[in-house]
Amino acid sequence: MVIDFPPGLILVLGAFILPFVRGPLRSLVSVLLPALTLMAIWTSIPEGHIVTLPFLDGLQLTPVTWHPLGTEAIGPDGFAPPSATRVFGTIFALMATVGALFSLKQEDPSELPGAFVYAGSAICVTFAGDILSLFVFWELMALGSTVVVWSGKFKNTYDAGMRYVAVHLVGGVILMAGILAHAMPLIHDPSVVDPLALHHYAMGPLGFDGMALTAGSADVSGLGTWLILIGILVNAGAPPLGAWLPDAYPEASHTGTVFLSAFTTKTAVYVLLILFAGAELLIYVGCLMAIYGIVYAILENDMRRILAYSIVNQVGFMICGIGIGTQLALNGASAHAFAHIIYKALLLMSAGSVLYMTGKRKCTDLGGLYHTMPVTMWCGIIGALAISAFPFTSGFTTKSMITDAAAHEHIAMAWYVLMAASAGVFLHAGIKFPWFVFFQKDRGLRPKDPPTSMQAAMVIFAFLCVLLGVYPEPLYNILPYQVPIAEGQNLYEAMTGAPVYSVSHVVAQLQLLMFAGLAFFLLLPMLKRTLTITLDSDWIYRKFVPGLWKHIILPPLKILGLIYHGVLEDMPKWLAALVRANPDGQSFDIFRSWTQGAAMVMITLMLFVYLVYGFVQ
Amino acid sequence: MSENKSLVEKMREPWADLLEQHPQGVKRFWYGGGLVLVLLAAADLFVHHHHHFDHVLGGYDGKPSFFWVYGFVTCVLMVVVSKKVVGLLLSRKDTHYDGD
């Protein structure tokens with residue numbers, strides 16, 4: 001069956017069935033809906049299938065296409081447009097399926113519907129071939145994810161959700177402004193065919209002319225491009241625009257954070273990959289994110305905030321790859337996003353299970369859980385090894401493509417930073433998370449492993465982490481760029497010239513990681529957990545601006561208010577009271593009580609003043 | 001000597017519970033880990049790494065010992081910068097934002 005609507009809509013609309021079903025039927029529907037979506041992506045949309053809709057006056061929308069940028073080379077360099085729809089659509093649907101399995105025990109009635117709207121719109125974004133459909137589903141994601149954040153039950157959840165939705169709506173407005181600034185000249189230019197089509201908005205392959213914001217330039221689209229980029233980087237979690245991520249994610253429920261970790265930042269990666277591939281600026285943004293995530297994660301005490309910072313670190317690798325912009329780098333960014341969603345969800349499922357069974361989230365309250373939570377521990381460790389890109393895990397077969405691309409392009413800065421960040425990942429997530437949660441200090445906690453459905457979800461993703469590590473070919477085969485592959489090779493070898501499991505590659509990676517591990521255990525006394533948080537850029541809108549308002553702006557306004565109310569507003573009342581005929585003879589009736597004689601004196605005085613005035617004139 | 005002793009004590013502190021419950025396991029972990037590290041470092045005598053950059057760190061990236069030295073040094077640097085610089089400047093009690 002061929003469908004003529006974006007497959008993500010199955011999830012978005014299906015979400016509204018969930019409130020009407022109960023018990024085992026709800027569980028069945030919860031897992032079947034995303035599984036059906038995944039099936040639709042693979043079987044119901046043939047290669048080359050395009051759905052267009054007329055829109056307003058002579059415009060058109062393209063809600064379904066496998067090639068969002070078309071299939072013809074664009075830009076002066078003949079850039080072959082990436083088609084990352086299959087790899088991103090597949091992982092989003094897979095994530096929604098296993099995530100739903102993990103959250104079958106979740107009792108909050110609104111979280112899973114919110115998560116389905118969120119995941120479904122993310123899938124719709126990957127199928128959008130025009131900028132407007134992309135934007136609409138982008139915003140729908142913000143709404144769905146806010147419902148997910150608010151399903152948490154912590155004391156800070158509501159406020160964090162408010163900040164989360166505010167940041168995302170502001171980001172959405174910036175993105176929309178950029179889109180309009182870019183689209184208007186296109187729409188008014190009669191020579192432009194299909195002005196909403198995404199390829200008009202792809203900046204990277206055009207040598208980034210659009211980014212030139214030179215002084216005195218009358219080029220409006222330059223500003224539009226910057227606004228679009230900023231709007232996307234807000235969702236990508238790039239500092240200083242990304243403080244919402246470690247702020248909001250740990251405040252969601254034990255299942256909610258699993259969903260949140262997957263879609264927002266990776267949809268931003270997808271859109272950057274489509275629109276800004278090869279933008280040099282992104283190399284620096286990515287490197288910054290990779291290091292920032294590590295430095296903040298090392299300081300963090302909340303186990304899920306450690307993992308939230310490591311999302312920023314991992315997305316940094318992908319964004320760096322997008323900035324490098326070669327076919328190998330873009331394949332690497334896509335593959336890494338695929339692997340990352342699985343192992344990050346696995347880590348957060350492990351942390352979520354700990355939270356669910358113990359009610360505790362701080363490393364200073366946890367430890368010693370290896371005694372009674374073996375499944376949770378082993379799944380957490382497999383996720384930790386995968387995020388660290390240990391050989392025979394998914395991180396190794398995907399992240400290497402990005403670092404190899406940096407080496408092939410001789411971008412030394414990026415290569416050295418990514419290598420240091422790879423070592424740092426093992427330090428801050430790979431060892432730190434399992435060590436402080438499952439080992440180190442025995443707090444006497446003896447919780448069991450979580451319910452079967454939650455264990456099953458973890459085991460499936462742990463299995464996939466290893467499977468993609470030893471048998472990455474199915475993933476390689478759906479990456480955006482396919483090249484001719486010789487007998488006995490895979491895509492990795494065909495593109496880099498060396499197999500992913502060469503002796504030197506494996507040894508180099510093990511050396512890097514194991515000595516990072518040594519550094520961790522030698523510095524362990526220094527890494528003692530403390531009851532602290534680390535200020536991030538959200539300090540600006542949580543402390544600085546409110547403080548500015550309370551202590552600097554509000555006091556003079558209060559004085560002005562006193563003047564306004566006391567003088568401007570009340571003065572006419574007093575004056576009126578002075579002269580008004582007052583029937584009950586109370587208050588200000590001075591003029592009424594005056595005698596005729598006094599009135600005569602007053603009038604004479606006024607006449608005298610008038611006379612003097614006339615004389616002087 | 002007293003300073004050395006306190007360093008050993010500091011090193012043992014995070015392991016206190018594990019040392020009590022599984023002293024053999026901890027021993028195996030450290031000896032086994034140490035052996036793996038030595039073998040990995042020694043592997044550079046036999047394994048040739050690719051070299052990419054001539055003008056950075058004197059072209060060190062393809063030479064023997066690069067990966068393990070680089071992994072160790074950068075991690076120590078990141079921990080020290082994180083704990084001693086960023087942490088000193090930006091750490092607050094985790095109740096910092098409460099009551100806003």
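The values are calculated or read from the model by the stated rules, or taken from the named source; none is laboratory data. These figures come from a predicted structure and were not determined experimentally. We place every Cβ from the backbone using ideal geometry, glycine too, and count neighbours over all the protein chains shown.
Each residue in segment B:41-100 was checked for being in contact with a Pro (Cβ under 9 Å, 6 or more places away or on another chain) and more than 23 Å from A:VAL503 (Cα to Cα), and 1 pass. Residues that are touching a residue at least 40 places away in the same chain (Cβ under 8 Å), surrounded by fewer than 19 Cβ atoms within 10 Å (Cβ to Cβ) and at the interface with chain B (Cβ under 8 Å from one of its Cβ atoms) within segment A:522-541 comprise A:THR530, A:LEU531, A:THR532, listed in sequence order. Residues in segment A:498-508 that are surrounded by 15 or more Cβ atoms within 10 Å (Cβ to Cβ) and facing chain B (nearest Cβ under 8 Å) were compared, and the one that is modelled with the lowest pLDDT is A:SER504. B:PHE72 meets each of the listed conditions (1) at pLDDT 90 or above; (2) more than 8 Å from every other protein chain (Cβ to nearest Cβ) apart from (2). Of the residues that make up segment A:420-443, is at least one facing another protein chain (nearest Cβ under 7 Å), assigned to a helix (DSSP H, G or I) and in contact with an Asp or Glu (Cβ under 9 Å, 6 or more places away or on another chain)? There is no residue in segment A:420-443 that is facing another protein chain (nearest Cβ under 7 Å), assigned to a helix (DSSP H, G or I) and in contact with an Asp or Glu (Cβ under 9 Å, 6 or more places away or on another chain).
Consider A:PHE544 carefully, then state whether it is surrounded by fewer than 21 Cβ atoms within 10 Å (Cβ to Cβ) and more than 14 Å from every other protein chain (Cβ to nearest Cβ).
Against the criterion (surrounded by fewer than 21 Cβ atoms within 10 Å (Cβ to Cβ) and more than 14 Å from every other protein chain (Cβ to nearest Cβ)), A:PHE544 does not qualify.
Quick check on segment B:2-9. Is at least one of its residues within 22 Å of the chain's Cα centre (by Cα), closer than 21 Å to A:PHE439 by Cα and among the β-branched types (Val, Ile, Thr)? The answer is yes, given that some residue of segment B:2-9 is within 22 Å of the chain's Cα centre (by Cα), closer than 21 Å to A:PHE439 by Cα and among the β-branched types (Val, Ile, Thr).
Residues checked against (1) within 14 Å of chain B (Cβ to nearest Cβ); (2) part of a helix (DSSP H, G or I); (3) at pLDDT 95 or above:
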residue	(1), (2), (3)
A:ALA277	no, no, no
A:CYS287	yes, yes, yes
A:GLN314	no, yes, yes
A:CYS320	no, yes, yes
A:GLY323	no, yes, no
A:GLY332	no, yes, yes
A:ALA337	no, yes, yes
A:LEU346	no, yes, yes
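Looking only at residues in segment A:371-400 that are assigned to a helix (DSSP H, G or I) and aromatic (Phe, Trp, Tyr), which one is nearest to A:PRO472 (Cα to Cα)? Step by step, filter segment A:371-400, then rank; the result is A:PHE396. Can we say A:ILE123 is farther than 17 Å from A:GLY14 by Cα, in a helix (DSSP H, G or I) and either in contact (Cβ under 8 Å) with a residue 12 or more places away in the chain or not assigned by TED's automatic domain parsing to the domain that holds A:LEU348 (or both)? Answer is no for this residue.
Condition check for A:TYR249 on (1) out of contact with any helix residue (DSSP H, G or I) (no Cβ under 6 Å at 6 or more places or on another chain); (2) closer than 22 Å to A:CYS363 by Cα: one failure, at (1). Evaluated against (1) within 7 Å of chain A (Cβ to nearest Cβ); (2) in a helix (DSSP H, G or I), B:LEU77 falls short on exactly one condition, (1). I'd like to check something: does segment A:471-482 contain any residue that is surrounded by 14 or more Cβ atoms within 10 Å (Cβ to Cβ) and in a helix (DSSP H, G or I)? Within segment A:471-482, one or more residues are surrounded by 14 or more Cβ atoms within 10 Å (Cβ to Cβ) and in a helix (DSSP H, G or I). Here A:TYR492 meets the list (1) part of a loop (DSSP other than H, G, I, E, B); (2) of a type in the set (Ser, Thr, Tyr); (3) under 15 Å from A:SER400 (Cα atoms) almost entirely, failing just condition (1). Restricting to segment A:1-27, count the residues that are more than 25 Å from A:LEU134 (Cα to Cα) and either polar (S, T, N, Q) or surrounded by 12 or more Cβ atoms within 10 Å (Cβ to Cβ) (or both). Summing the residues that are more than 25 Å from A:LEU134 (Cα to Cα) and either polar (S, T, N, Q) or surrounded by 12 or more Cβ atoms within 10 Å (Cβ to Cβ) (or both) in segment A:1-27 gives 5.
When you scan segment A:274-289, do you find a residue that is touching a Lys or Arg at 6+ places or on another chain (Cβ under 9 Å) and assigned by TED's automatic domain parsing to the domain that holds A:SER133, even just one? Show your work before the answer.
Within segment A:274-289, the subset touching a Lys or Arg at 6+ places or on another chain (Cβ under 9 Å) is none.
No: segment A:274-289 contains no residue that is touching a Lys or Arg at 6+ places or on another chain (Cβ under 9 Å) and assigned by TED's automatic domain parsing to the domain that holds A:SER133.
Within segment B:25-69, if we keep just the residues that are more than 16 Å from the chain's Cα centre (by Cα) and at the interface with chain A (Cβ under 7 Å from one of its Cβ atoms), the residue that is farthest from A:THR403 (Cα to Cα) turns out to be B:ALA43.
Results for (1) away from every other protein chain (no Cβ under 14 Å); (2) of a type outside the set (Val, Ile, Thr); (3) under 16 Å from the mean Cα position of the chain (by Cα); (4) surrounded by 20 or more Cβ atoms within 10 Å (Cβ to Cβ), shown as yes or no for each residue.
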{"position": "A:VAL98", "(1), (2), (3), (4)": "yes, no, no, yes"}
{"position": "A:LEU112", "(1), (2), (3), (4)": "yes, yes, no, yes"}
{"position": "A:VAL173", "(1), (2), (3), (4)": "yes, no, yes, no"}
{"position": "A:ALA181", "(1), (2), (3), (4)": "yes, yes, no, no"}
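Every test in (1) part of a helix (DSSP H, G or I); (2) surrounded by 14 or more Cβ atoms within 10 Å (Cβ to Cβ); (3) not aliphatic (A, V, I, L, M) is passed by B:PHE53 save one, and that test is (1).
Check whether at least one residue in segment A:428-444 is of a type outside the set (Gly, Ala, Ser), in the same structural domain as A:PHE521 (by TED's automatic domain parsing), buried (at least 24 other Cβ atoms within 10 Å of the Cβ) and closer than 28 Å to B:LEU57 by Cα, and report yes or no. Checking segment A:428-444: at least one residue is of a type outside the set (Gly, Ala, Ser), in the same structural domain as A:PHE521 (by TED's automatic domain parsing), buried (at least 24 other Cβ atoms within 10 Å of the Cβ) and closer than 28 Å to B:LEU57 by Cα. When each of B:GLU13, B:GLU20 is tested for being more than 8 Å from chain A (Cβ to nearest Cβ) and either in a helix (DSSP H, G or I) or not aliphatic (A, V, I, L, M) (or both), the lone residue that passes is B:GLU20.
The number of residues in segment A:468-495 that are touching a residue at least 12 places away in the same chain (Cβ under 8 Å) and under 31 Å from the mean Cα position of the chain (by Cα) comes to 15. Pairing residues of segment A:364-392 that are outside the structural domain of A:TYR501 (by TED's automatic domain parsing) and surrounded by fewer than 19 Cβ atoms within 10 Å (Cβ to Cβ) with residues that are modelled with pLDDT of 95 or more and part of a helix (DSSP H, G or I), at Cβ distances under 7 Å and at least 6 apart in sequence or on separate chains, gives no pairs at all.
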